[in-house]
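The structure appears right after this line, and notes come after that.
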Amino acid sequence: MKSQWWSAVLKCPRCGGGLDVGQHLARCSACGPYPVLGDVPLLVADPSAYCARFHDAILAALAEQDLAEREVVAVVEAFAEGRSELAQSFGDDWTSHEASGGDAPVPVRGAAAKALGSLMAVALREGPASWITRRLKPVKLTLEVGCGAGERSEALAQKCERLLVGDLSLRAVFRARARAARHDAEVAGVVMDAEALPIRRGTLDLLVAEHVVDLLDEPFEFLQQARKALKRGGEVLITTPEPSLGFGEDDALVGLASQAKFKVHERRDGLPWLRVNSSRFVECYLVQALCLR
Ligand SMILES: C[S@@+](CC[C@H](N)C(=O)[O-])C[C@H]1O[C@@H](n2cnc3c(N)ncnc32)[C@H](O)[C@@H]1O
Ligand SMILES: [Zn+2]
């Protein structure tokens, strides 16, 4: 198999060593193999546990992409064999319009219509999505971690030469990769855990983590690894509806970022993020956004 550009960017999530990436396996000479499914390496610390836990979800995601060929399924089965894990589905969290990029449902008209209309206009103009896209400048290599269904991946792919989309969910990685691939950047997908980033030191110009840091058990671990993965002069864009990270203080995230030796270049707060789940169910989060260097 021809060598892919992303082989030179990725590292073993366990020992940090280099990987030899082939069609079905990515190998670390010290730690052993990781599965590669549909050109997506599964670079998580315990790939056997991952394949056992998400066995059915993996096979479904492969089938959705028409990638459930015998050899590919055999890789999943080989890793999962002999492991008994509680079956889980991916933590996918997207509405159908977020996944497709189509229009959100229109909220039912009534007493709240005017207020909702103006809130939506502010969210479009001043929300976390526009904060991220406004900050983008042309760079070589961007990692989007926690890419979900790829709502932001398209904008990122228009501003970099190479884009890596990463998520714990294989289904999310497939979707984000397909959306980003409509644009000029070379795009690759990797299943990864934000707390054990499989990215070599000093390689990234930009790391984007939109609405994911609050979901992590160890956000400090993520921040430390993000800093190591950045090139000199690189930056991290983080948005989150819960900057307290469960510690009760809105300054918690900034505090951890400083401990991880980041400088807070920009901090914005109260950016409206609206999720129109249906014409009668609209969620509004007030998001904090940080640009770290
Ligand atoms: C709220 S969604 C945000 C998706 C996308 N960034 C957006 O804003 O539309 C959070 C995403 O983070 C992913 N995620 C959760 N924990 C993760 C982890 N430890 N490492 C990588 N991704 C994770 C989930 O699978 C999910 O796709
Ligand atoms: Zn290793």
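The values are calculated or read from the model by the stated rules, or taken from the named source; none is laboratory data. Quantities reported herein were computed from a predicted structural model and do not represent experimental measurements. A quick note on method: Cβ atoms are made from the backbone with ideal geometry, for glycine too, and the neighbour counts reach across all protein chains shown.
Elements of the type helices (runs of 4 or more DSSP H) sitting completely within the stretch 37-128 and holding at least 1 residues that are within 16 Å of ligand 1 (Cβ to nearest atom) and within 19 Å of the chain's Cα centre (by Cα): these cover 47-53, 55-64, 96-100.
Filtering the stretch 99-116 to residues that are in contact (Cβ under 8 Å) with a residue 24 or more places away in the chain and either outside the structural domain of residue 146 (by TED's automatic domain parsing) or touching a helix residue (DSSP H, G or I) at 6+ places or on another chain (Cβ under 8 Å) (or both) leaves 99, 101, 104, 105, 107.
Taking residues in the stretch 117-133 that are β-branched (Val, Ile, Thr), and partners anywhere that are in a helix (DSSP H, G or I), the pairs with Cβ atoms closer than 6 Å and at least 6 places apart or on different chains are 133/155.
Conditions tested, residue by residue: (1) touching a residue at least 24 places away in the same chain (Cβ under 8 Å); (2) within 16 Å of ligand 2 (Cβ to nearest atom); (3) part of a helix (DSSP H, G or I).
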residue: 202; (1), (2), (3): yes, no, no
residue: 205; (1), (2), (3): yes, no, no
residue: 209; (1), (2), (3): yes, no, no
residue: 217; (1), (2), (3): no, no, no
residue: 220; (1), (2), (3): yes, no, yes
residue: 224; (1), (2), (3): yes, no, yes
residue: 232; (1), (2), (3): yes, no, no
residue: 236; (1), (2), (3): yes, no, no
residue: 239; (1), (2), (3): yes, no, no
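Checking each residue in the stretch 80-99 for being modelled with pLDDT of 85 or more, buried (at least 16 other Cβ atoms within 10 Å of the Cβ) and of a type in the set (A, V, I, L, M) picks out only 80. Here residue 201 fits the description: surrounded by fewer than 18 Cβ atoms within 10 Å (Cβ to Cβ) and more than 17 Å from residue 286 (Cβ to Cβ).
So is residue 47 crowded, with 16+ Cβ neighbours inside 10 Å, closer than 24 Å to residue 197 by Cβ and without any contact (Cβ under 8 Å) to a residue 40 or more places away in the chain or not? Considered against the rule, which asks whether it is crowded, with 16+ Cβ neighbours inside 10 Å, closer than 24 Å to residue 197 by Cβ and without any contact (Cβ under 8 Å) to a residue 40 or more places away in the chain, residue 47 comes out as yes.
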